[in-house]
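Enquirer: Please see the structure below; I have some questions.
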Amino acid sequence: MPDNYHKNIELRKSLLDQMKSQTTVFRAIDMMLSAIKSGNTILVFGNGGSATQASHFAGEMINKFYLKRDGIPGIALTDNCGNITSIANDFDFKYIFSKQIEALGKPGDIAMGITTSGHSQNVLEALKMAKDKQLKTIGLCGRNTDDLNAAGTDLIIAVDCLDTPAIQEIHLFLLHTMAEKLEADLFGGPKANGD
């Protein structure tokens, strides 16, 4: 077995162990639950691997995680190539999410930005726009939280690591935790195993 294989497993075990004592994910779930019950929407976004995770999470909101149930309002701002390319072309790439929040966001909605580095300009611009429009804001990141704090992010869920793949894998675990808990709290019932 390559040495890196075992090191990578140990790193991920260590990061998951650290998450056991972090309560921010449950505060984020409570924030989202309150918004959804008030008729609001979760707007989620990120770049690269984080973009695919935003899409993945929105799909679990709209369709299902375990339970066959009504949809939960969630939009991945990463999924409309017409919006993204026109904004990037006519304005600047750093506004691809903030322009969408400007158009779609309502007070009380949730804007959840995912950035492994904590420095993604387009994610930070979107979180600032969300604050201006009175949305609640959540940031998922790695170790670097300074820029998210400077953007006034309401709640930051940080993975204490600088390794992008490891951070993304923990983010996916956290997003799955959110999806499972939101679904259970809103709809109850047993898991639909294997459906």
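The values are calculated or read from the model by the stated rules, or taken from the named source; none is laboratory data. Worth saying up front: this structure is predicted, and the values here are computed from it rather than measured. Reconstructed Cβ throughout: ideal geometry from the backbone, glycine too, with neighbour counts over all protein chains shown. Please note that ligands, DNA and RNA were not included when accessible areas were found on the heavy atoms of the full protein model with its side chains. Shrake-Rupley method; radii C 1.70, N 1.55, O 1.52, S 1.80 Å.
Enquirer: Roughly how many whole Å is it from the C-alpha centroid of the range 160-187 to that of the range 57-123?
Expert: First find each Cα centre; the distance between them is then 17 Å.
Enquirer: Let me ask something else about it. For semi-axes √(5λ) of the Cα gyration tensor in Å, several values are listed as (i) 23, 18, 16; (ii) 25, 22, 16; (iii) 34, 19, 16; flag the one computed from this structure.
Expert: Answer by label: (ii).
Enquirer: Residue by residue through the range 84-92, what is 3J(HN,Hα) from phi via Karplus (6.51 cos²θ - 1.76 cosθ + 1.60, θ = phi - 60°)? Round to whole Hz and write x for glycine and proline.
Expert: 4, 6, 5, 5, 4, 6, 8, 10, 6
Enquirer: Springs between alpha-carbon atoms under 10 Å, Gaussian network over the chain: tell me which of Thr24, Thr41, Thr115 tops the mean-square fluctuations.
Expert: Top of the fluctuation ranking is Thr24.
Enquirer: Applying the Karplus parametrisation 6.51 cos²θ - 1.76 cosθ + 1.60 with θ = phi - 60° to the phi angles of the range 19-30, what ³J(HN,Hα) value in whole Hz is obtained for each residue in order, glycine and proline being reported as x?
Expert: Running phi through 6.51 cos²θ - 1.76 cosθ + 1.60 with θ = phi - 60° gives 5, 4, 8, 8, 8, 4, 4, 6, 5, 5, 4, 4 Hz.
Enquirer: Working with all protein chains in place, sort Asp17, Asp147 by solvent-accessible area computed with a 1.4 Å probe, largest first. All intermediate terms of the calculation are to be shown ahead of the outcome.
Expert: On the way: Asp17 85, Asp147 55 Å².
Final ranking, largest accessible area leading: Asp17, Asp147.
Enquirer: Something else now. What FRET efficiency comes out for Asp146 versus Thr24 if R0 is 22 angstrom and r is the Cβ-Cβ distance? Round to the nearest 0.05. Numbers along the way, then the final one.
Expert: Numbers: r = 16 Å, r/R0 = 0.75.
For R0 = 22 Å, the calculated efficiency reads 0.85.
Enquirer: Check the straight Cα-Cα distances from Lys136 and name the lysines below 21 Å, setting aside those fewer than 8 residues away within the same chain.
Expert: Lys37, Lys94, Lys99, Lys106, Lys128, Lys181
Enquirer: Under a 10 Å cutoff between Cα atoms, tell me which one of Thr177, Thr153, Thr145 has the largest fluctuation in the Gaussian network model of the chain.
Expert: Most flexible of the set in this elastic network: Thr177.
Enquirer: By how many nm would the segment from Gln121 to Lys68 grow when fully extended, if each residue of separation counts as 0.36 nm and the alpha-carbon distance is taken off? Can you show the working numbers first?
Expert: On the way: separation 53, 0.36 × 53 = 19.08 nm, distance 3.70 nm.
Length gained between Gln121 and Lys68: 15.4 nm.
Enquirer: Next up: Looking at the square roots a ≥ b ≥ c of the eigenvalues of the Cα gyration tensor of the range 1-62, which shape do they give, rounded for a/c under 1.5, prolate if a/b is larger than b/c, or oblate?
Expert: Oblate, because a/c is 1.5 or more while a/b does not exceed b/c.
Enquirer: Tell me the label-point distance for the pair Lys94, Asp79, using the 7 Å Cα-to-Cβ offset, in nm and rounded to one decimal.
Expert: Placing both labels 7 Å along Cα→Cβ, they lie 2.9 nm apart.
Enquirer: I've got another one for you. Tell me whether the range 1-106 comes out rounded, prolate or oblate; compute the Cα gyration tensor, take square roots of the eigenvalues as a ≥ b ≥ c, and use a/c under 1.5 as the rounded threshold.
Expert: On the way: a/c = 2.14, a/b = 1.33, b/c = 1.62.
Oblate.
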